[in-house]
Amino acid sequence: MGKGDKKTKRGKIAINSYGKLRPKRKKFKVRPQKIKNPQEKEPV
């Protein structure tokens, strides 16, 4: 089990693929929330 094993993290790195053991990185973990501008009035 090493670079030739497709099911290990090291093997995934060697063949440039992703999966359960090597998930792709997400850009943002939490989306930024929109902050309401206190100067703006809400429509009635």
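The values are calculated or read from the model by the stated rules, or taken from the named source; none is laboratory data. All values derive from a computational prediction rather than experimental measurement.
What the table shows:
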| item | result |
| --- | --- |
| Residues of region 8-23 satisfying the condition of being basic (Lys, Arg) and modelled with pLDDT under 90 | LYS20, ARG22 |
| ILE35 vs. criteria modelled with pLDDT of 85 or more and of a type in the set (Val, Ile, Thr) | no |
